[in-house]
Every structure is written in C-alpha cells, then in structure tokens.
1. Can you give the local net charge around A:I105? Use residues other than it whose beta-carbon is closer than 13 angstrom to its beta-carbon, Lys and Arg +1, Asp and Glu -1.
2. Build a GNM of chain A with springs between Cα atoms under 10 Å: which of A:G11, A:G82, A:G58 gets the top mean-square fluctuation?
3. So which cysteines of chain B have no other cysteine's Cβ under 4.7 Å from theirs?
4. Between the helical axis of A:11-28 and the dominant principal axis of chain A, each derived from Cα atoms, what acute angle in degrees is found, rounded to the nearest 10?
5. Sorted by average packing, counted as other Cβ atoms within 10 angstrom per residue and highest first, what order do A:107-113, B:197-203 take?
6. Could you tell me whether chain B comes out rounded, prolate or oblate from its Cα gyration tensor? Rule is a ≥ b ≥ c as square roots of the eigenvalues, rounded for a/c under 1.5, then prolate if a/b exceeds b/c, otherwise oblate.
7. What are the principal axis extents of the Cα atoms in region B:122-202, in Å, biggest first?
8. If you build a Gaussian network model of chain B, linking Cα atoms that sit under 10 Å apart, which residue out of B:L235, B:L24, B:L165 swings the most?
Amino acid sequence: MADSLYNRLGGEAAVNAAVDIFYRKVLADKRISHFFDNVDMSRQAAKQKAFLTVAFGGPNNYSGQDMRKGHAHLVSRGLNDGHFDAVMENLAATLQELSVPPEMIAECAAIAESTRSDVLCR
Amino acid sequence: MTRITWQGQRYELQEGETVLEALLRIGASVPYSCRSGVCQTCMMRAVAGDPGEASRHRLSEEQRARGAFLPCICHPQTDLELAPMQDELPIMATTVVSKTPLGDVLRLRLAPRKPISFRAGQFINVHAEDGVVRSYSIASVPTLDDGVLELHVRRLPDGRVSTWLHEVLREGDELCVQGPLGECCYVLGETQRPLLLIGTGSGLAPLWGILRDALHNGHTGPIYLYHGSRDAEGLYLHDELCALEAMRPEQFHYIPCVSGPNVSPDCRSGRASDAALADHSKLTGWRVYVCGHPQMVEETRRSVFLAGARIADIHTDAFTLSR
C-alpha cells in the first residue's frame with residue numbers, strides 16, 4: 001500500500017495540515033456555513049478530519065448507511081446538491097492551497113463524489 | 001423506551017431527558033454541577049450498555065477504557081446500567097487565607113492543607129454547603145503564589161454558591177475542593193509566540209493566571225489582554241493590569257472594554273471580543289485564550305479561527321451557568 005493515494009498525499013500529517021484550512025473555508029462559505037452554526041467546534045473539526053481521511057483514501061470504517069444516518073438531520077434541513085458542490089469546491093481549493101498536484105486532487109474529488117448519494121440520502 | 005439501572009432498580013428515561021435528569025427526577029443522590037459536560041462532577045461508569053460517543057468524547061483514554069461517561073450530556077440509545085466511579089477525584093481540604101472584595105468579584109485565596117499540583121488556567125470544583133458543587137478557574141501560579149489557589153467569584157443574582165462564598169464563608173474556614181481539571185494553560189516552550197487573551201467578567205481569572213505564568217516562564221512575544229465588562233466597576237483588576245503594562249510597555253498591552261453606556265476615557269467602548277478582532281484581524285500564528293460568558297466564548301472562538309488561528313491554538317474555558 002506504499003503507493004496508495006493516502007500515503008502519496010502524506011497520510012495523517014496531510015490530513016492534519018488540511019483540516020484547519022478546509023474547515024475555515026467551509027465556515028466562511030455563506031452557501032453552507034449555516035449548517036455549522038451551533039455546533040461544538042472541536043467536535044466539528046474531528047468530523048472534518050474524518051471526512052478528509054475518507055476523501056484522501058485513508059483508513060476508515062464508514063459504510064453508506066453511516067453516511068446516511070450522519071446526514072439525515074441535515075437533509076431534513078434542506079441539504080442538497082448545491083451544498084454538496086460547495087463542499088467539493090472547498091475541498092479542491094484546500095488541496096490547491098497545499099500545492100497537491102491536480103491529478104491527485106482529481107482522485108480525492110472522485111472519492112468524495114462517490115459519497116454524494118449516501119450523504120444526500122437518495 | 002430506553003431504561004437505566006441504578007442501584008439495582010430500573011427506570012425509564014423520559015423523552016429528551018439526559019441520564020442525569022432522570023437520576024435527579026427519581027431522587028437519586030448524585031453530585032453534579034455544570035450540566036454541560038465540562039466539570040466531570042457527575043461522571044459515572046456504564047457497566048452495561050452504550051452511553052454514546054457524545055457523552056465521552058472529552059474524557060481521557062484511561063477514563064473511557066473504564067467505561068466512564070458524563071450523565072449530564074448523555075442521551076443513550078441503549079439500556080444502561082450505571083455505577084459510580086470508583087476512584088473519583090479526591091476531595092482535598094483547604095484553608096481560606098483571604099477574602100478580598102473587588103466590586104462584584106470576590107478574590108478568594110485558599111491554602112491547600114497538602115500541596116496540590118495545578119497550573120494557572122485549570123479549574124477546580126468547590127464543595128459548598130449542602131454538597132453543592134461549582135467550578136472556578138484558577139488565577140494563581142503555584143510557584144509565584146506559594147501553592148495558594150486564587151479564585152475569582154462573581155456574585156450572581158440567584159447564585160447559591162457565590163452568595164455563600166461572598167457572605168457566609170470566613171477567613172480561616174475550611175473549604176473542600178476537587179481537581180484540578182482542564183487544559184486552558186500557558187503552553188511552555190514557545191516564548192516568542194504572540195498571545196491574545198480575551199475575557200469577560202470573572203473570565204479574567206484564568207487569563208490573569210496565564211498572563212503571569214507566561215511572564216514567569218520568560219515569554220518574550222507580545223501579549224494582548226482584552227477584558228470586557230458592562231461597566232467600569234466590572235474591570236476588577238484594572239489597577240494591577242495597568243501597573244503590569246507600565247512595567248512592560250513594549251510587550252504587554254491591556255485593553256479594558258466597557259460594553260455599557262458609561263465609558264470612561266481610558267476604556268474602549270464595546271465588547272472585548274469585537275475590540276480584539278478589530279485590532280487583530282489576522283491571527284495566523286497566534287495562540288488565543290477566550291474565557292467568560294459561554295455564548296461570547298463560542299462566537300469568539302469561531303471568529304478567531306476564521307481570522308487565521310489554528311483550532312489547536314485556541315483555548316477556552318466556557319462555563320455554562322448551572323440552571
């Protein structure tokens with residue numbers, strides 16, 4: 001697994017480097033920031049870290065069912081494709097800021113994209 | 001229906017109820033204080049069932065391994081059997097050394113009967129009469145203050161414990177404490193880092209301790225302290241902070257802020273957090289401490305993060321007032 005996407009990105013250190021940048025972009029993004037109001041920031045940061053670990057192809061045990069369960073309350077508050085797209089943009093912008101090569105950004109985007117129907121509970 | 005088992009009896013949890021609320025409803029005699037998952041006074045073990053991650057995520061690996069959880073923020077999805085923690089934090093006796101009123105705030109100094117290992121900015125649980133417990137931040141630095149615990153107790157309109165500490169407790173009395181807990185402390189080994197301290201009301205207590213701890217440990221980077229209050233009387237360490245600023249004018253900056261209508265010329269008008277962010281809009285590389293009113297702490301935490309501070313570099317001591 002030495003050449004897995006996760007290892008090529010730099011593993012957990014890469015996730016740690018990305019999480020503050022990504023979370024700051026999400027909170028500053030008026031299209032989606034309201035989903036993060038009234039949420040404990042430390043817990044939220046832990047969730048962002050889990051998301052980035054998944055997107056980076058890292059070790060995780062999330063099933064599609066978990067994704068649905070974890071986002072159902074947001075879907076009932078109107079979470080839709082536009083919001084998902086906004087997160088995808090913020091993910092790409094974060095990786096660009098960290099000078100990740102475009103082809104690896106595309107790999108991360110493909111992994112994140114594969115969760116869309118579960119996240120939106122379709 | 002989810003059920004809890006306590007001392008051999010089963011009880012049903014009512015809709016929306018926390019485990020602590022259920023225990024109190026059935027008349028169980030259990031200690032508690034903050035009701036918001038901070039002070040750990042009500043900590044218990046789950047001997048059977050799953051209390052859920054939300055009630056455990058702030059506990060140490062060791063506590064979690066022993067099944068510990070916090071009943072005050074626990075909404076279990078499974079039936080639970082509860083047991084008290086076997087080695088809860090020991091209760092330690094102290095002697096009240098001095099009581100100094102500073103407006104609405106009481107500066108309370110306690111000498112532990114046996115030395116207690118603590119750091120400025122941590123908090124301790126004070127056991128008042130009738131077994132009522134409240135958490136207070138530590139404003140003293142052990143090596144500078146002979147191991148004495150200094151607490152700043154603001155008098156609250158209907159505060160049982162604060163009123164008791166202000167009016168009934170006497171110098172020379174014994175007072176029992178538990179702790180210390182918390183990690184809102186000066187971080188050693190980064191003396192050049194700029195520090196931003198923002199506090200409202202008696203949220204100044206940990207900041208006063210952190211400030212003195214930083215200077216005592218040879219901090220050389222700039223330190224800005226914003227203390228906010230509704231009126232000038234609430235700026236209860238004004239003279240001491242001005243004196244400290246006069247001694248280190250290049251390094252330490254004290255910015256008193258008054259949010260009410262009567263602003264004296266030497267104070268800023270408005271909220272402390274607004275003033276701090278207006279002066280420091282870019283906080284990349286800063287370490288930030290925010291203490292005081294819980295809502296202010298949450299809002300400010302977000303603002304300083306958006307201004308560039310890393311999450312790991314933002315320290316808070318939000319105490320939710322007990323209902």
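Just so you know, all these numbers are worked out from the coordinates, no wet-lab data involved. Remember, it's a predicted structure, so these values are computed and weren't measured experimentally. Every residue, glycine as well, gets a Cβ built from its backbone with ideal geometry; the counts of neighbours run over all protein chains shown.
1. On the way: positive: A:R8; negative: A:E89, A:E97, A:E103, A:E107, A:E113.
It works out to a net charge of -4.
2. A:G82
3. So, B:C42, B:C72, B:C74, B:C176, B:C184, B:C185, B:C242, B:C257, B:C267, B:C291.
4. Between helix and principal axis, roughly 40 degrees.
5. Values: A:107-113: 16.9, B:197-203: 27.1.
Going from most to least packed, we get B:197-203, A:107-113.
6. Working: a/c = 1.89, a/b = 1.57, b/c = 1.20.
The shape class here is prolate.
7. Extents along the principal axes: 46, 27, 19 Å.
8. B:L24
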